[in-house]
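Working notes for the structure below.
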Amino acid sequence: MITNTQYYYPNRMGRIILLSMEEVIGRNGINAVLNLASLSTFIENYPPDNTKLDFSFSTVSNLTEMLEQVYGPHGGRGLALRVGRACFSYGVRQYGKQLGLTDMAFRLLPLPVKLQAGAKVFAEFFNTFTDQHVQIEEEAGKLLWHIERCPLCWERKTHEPVCHLAVGVLQEALYWLSGGKVFHVEEKTCIAAGDKDCTIVIDQTPIF
């Protein structure tokens, strides 16, 4: 459903998304995506590194949709996962100290406690500093990451979940929090596919 309401990420997060896309698909790739998305004003002119809420959800959604158009649904999905992982790496350098994630006391917590505490910290961060709304739920050894207002599929209509960038962010966050372990992370529901929220299911037991 198209609405006239706009929601935003801070410029810094928009900058991180574009830097991450450039890292994954190269300068020519990001320029092609920006041109196709009618966002050529961002070519070699990424948003400033500040906290002003100016990077719209429609821009985020447009970028991820164009990845699929340029590289195909399967290729776009794989690239979005990689972009998400790069986003976390950039983000933890920008926000890690602010969130307390780099404190030794946090790093020494037992893994299950660290995963649950980390998820709550991430959710609170998005809910406080962006227009994205996240709720955390625990269910039978799983963490459910509910995105109730999602920038990645904003105003899109699809037949399957498409918030692959968010999955990539969470994959890398879990890898980082656990000191190198891999977890199963899967988006089960998506607003773009007609669901009430975008729910990403995280198994709290690592695969390896």
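The values are calculated or read from the model by the stated rules, or taken from the named source; none is laboratory data. Just so it is clear, the model here is predicted, and its values are computed rather than measured. Cβ placement follows ideal geometry from the backbone for every residue including glycine, while neighbour counts extend to all protein chains displayed.
Inside segment 137-154, residues that are in contact with a helix residue (DSSP H, G or I) (Cβ under 9 Å, 6 or more places away or on another chain) and exposed (fewer than 15 other Cβ atoms within 10 Å of the Cβ) make up a count of 2.
Residue by residue through segment 20-39, note down the ones that are of a type in the set (A, V, I, L, M) and surrounded by 19 or more Cβ atoms within 10 Å (Cβ to Cβ). Steps first, please.
Filtering segment 20-39 down to residues of a type in the set (A, V, I, L, M) leaves 21, 24-25, 30, 32-34, 36-37, 39.
Listed by number, the residues that qualify are Met21, Val24, Ile25, Ile30, Val33, Leu34, Ala37.
Taken across segment 194-207, residues that are touching a residue at least 24 places away in the same chain (Cβ under 8 Å), among the aliphatic types (A, V, I, L, M) and surrounded by fewer than 15 Cβ atoms within 10 Å (Cβ to Cβ) do occur, with at least one present. Filtering segment 184-208 to residues that are closer than 15 Å to Leu152 by Cα and either of a type in the set (A, V, I, L, M) or in contact with a Gly (Cβ under 8 Å, 6 or more places away or on another chain) (or both) leaves Ile191, Ala192, Ala193, Ile200. In the set (1) more than 20 Å from the chain's Cα centre (by Cα); (2) under 15 Å from Tyr175 (Cα atoms); (3) without any contact (Cβ under 8 Å) to a residue 12 or more places away in the chain, Leu111 fails one condition alone, (3).
In the list Met1, Met21, Met66, which residue meets the criterion of being modelled with pLDDT of 95 or more and within 18 Å of Glu155 (Cα to Cα)? Every option except Met66 fails the conditions.
Is one or more of the residues making up segment 43-56 surrounded by 15 or more Cβ atoms within 10 Å (Cβ to Cβ), assigned to a helix (DSSP H, G or I) and of a type in the set (A, V, I, L, M, F, W, C)? Looking through segment 43-56, none of the residues is surrounded by 15 or more Cβ atoms within 10 Å (Cβ to Cβ), assigned to a helix (DSSP H, G or I) and of a type in the set (A, V, I, L, M, F, W, C). Residue count for segment 33-55, restricted to those that are in contact with a helix residue (DSSP H, G or I) (Cβ under 6 Å, 6 or more places away or on another chain) and farther than 17 Å from Thr130 by Cβ: 8. Among residues of segment 134-159 being hydrophobic (A, V, I, L, M, F, W, C) and in contact with a Phe, Trp or Tyr (Cβ under 7 Å, 6 or more places away or on another chain), the one that is nearest to Gln116 (Cα to Cα) is Ile136. Considering Ala86, Ala117, the condition of being of a type outside the set (D, E, K, R), farther than 28 Å from Ile25 by Cα and surrounded by 15 or more Cβ atoms within 10 Å (Cβ to Cβ) is satisfied by Ala117 alone.
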